[in-house]
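Scroll down for the structure; my scribbles are underneath it.
Bear in mind these aren't lab numbers, they're just calculated from the coordinates by the rules spelled out. Predicted, not measured: the structure shown is a model, and the values here were computed from it. So basically every Cβ, Gly included, is an ideal-geometry build from the backbone, and we count neighbours across all protein chains shown.
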Amino acid sequence: MELILDSSNIEQIKDLNELLHVSGVTTNPTIITKSGRSFEDVVNDLIAVLDEEQMLFIQAVSTDVAGIVEEAKYIASLRKKNMYVKIPVTHEGLKAIKECKKLGIGVLATAIYTADQAFLAAMNGADYLAPYVNRMDNYGDGVENVKDLITMLKVNNMNAKVVAASFKNTRQVHELIKAGIQAVTIPCDVAYNMIDHPGTAIAVDEFSENWKKAYGKTTLR
Ligand code: E4P
């Protein structure tokens, strides 16, 4: 399974990249604007913080086919490899996905609210499909819809990978990992919540205290 960070917070990405096996970083226009920095600064820092085998996903902002394809070419030119363009599955977006695949550009179909939208984007050649799990919960059961999508792709021998997105809690991530999801993109706070447990800190303090009481130090030697 690929674990991807959904963030433009460079410090947290650096930290989690040391802590975990991170396959890449996703952003979207909102994530970038929230950083309060320019697009170029954010993207340059992300490229610098990732090694070249890690993927970077940047979203097109234009909403018409020509604009999306133009931005996709620009985004693809920013890095030698493992650069993917995120394209929302609108009518224009579906056309742009086909065009980008003709040009050999890596595509993640995004802003997906149904398994059917995702499946059609996969048929158009999208490499990754990003269903918005938490937002889908407003219309039904996000986790169940993504499980359906996994089955639809499997029984039809489709190669596109599902990178479930828009997570708000660790349970949503846990359920999809159990279902065999190929990739998840999670905000840094959800990643920290998956790592940290107060019980672990209490156990470690107890080990240290007992060791110190017995041997007067907190190291083995
Ligand atoms: C990632 O690819 C998506 O853009 C992101 O997960 C959407 O998350 P949100 O629903 O929190 O905006």
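In degrees, nearest 10, range 0 to 90: what is the angle between the Cα axis of helix 39-49 and the longest Cα principal axis of the chain?
Around 50 degrees separate the two axes.
Can you give me the Cα centroid spacing of region 161-215 and region 42-58 in angstrom?
Taking the Cα centre of region 42-58 as reference, the centre of region 161-215 is 24 Å away.
Would you list which aspartates and glutamates come within 19 Å of residue 34, measuring only between C-alpha atoms, while excluding same-chain residues fewer than 8 positions from it?
6, 11, 45, 189
Where does helix 91-102 land angle-wise versus the long Cα axis of the chain, in degrees 0 to 90, nearest 10?
Helix 91-102 sits roughly 80 degrees off the main axis of the chain.
Test of understanding: ordering 43, 25 by Cβ neighbours within 10 Å, fewest first, what list do you get?
Values: 43 20, 25 26.
Listed from fewest to most nearby Cβ atoms, that is 43, 25.
For the Cα atoms of the chain, what angle does the longest principal axis make with the long axis of helix 142-155, in degrees from 0 to 90, nearest 10?
60
Set the Förster radius R0 to 41 Å, insert the Cβ-Cβ distance between residue 201 and residue 101 as r into 1/(1 + (r/R0)^6), and round the FRET efficiency to 0.05. Before the final figure, lay out the partial values.
Values: r = 48 Å, r/R0 = 1.16.
Given R0 = 41 Å and the Cβ-Cβ separation, E is 0.30.
Treat each spin label as a single point 7 Å out from the Cα along the C-beta direction, and report the residue 35 to residue 77 distance in nm.
About 2.0 nm separates the two model spin labels.
Considering amide H positions built from the backbone, and no H for Pro or chain starts, which residues 5 or more places from residue 186, or on another chain, come under 5 Å of its amide H?
4, 5, 6
Can you give the FRET efficiency to the nearest 0.05 for residue 90 and residue 47, using r as the Cβ-Cβ distance and R₀ = 35 Å? Show your work: numbers first, answer last.
Working: r = 28 Å, r/R0 = 0.79.
The computed FRET efficiency comes out at 0.80.
How big, on average over all directions, is the shadow cast by the Cα convex hull of region 157-221, in nm²?
Numbers: hull surface 28.7 nm².
For the Cα atoms of region 157-221, the hull's average projected area reads 7.2 nm².
Given C-alpha coordinates of the chain, what is the ratio Rg to Rh with the Kirkwood estimate of Rh?
Details: Rg = 19.9 Å, Rh = 18.6 Å.
Taking Rg over the Kirkwood Rh, I get 1.07.
As an exercise, use a Förster radius of 35 Å and the Cβ-Cβ distance of residue 209 and residue 169 to find the FRET efficiency, rounded to the nearest 0.05.
Details: r = 33 Å, r/R0 = 0.94.
E(calc), rounded to 0.05, equals 0.60.
Pull up the cross-link candidates among the lysines for residue 178, meaning alpha carbon to alpha carbon under 28 Å and not fewer than 8 places away within one chain.
Residue 178 reaches 14, 86, 147, 154, 161, 168.
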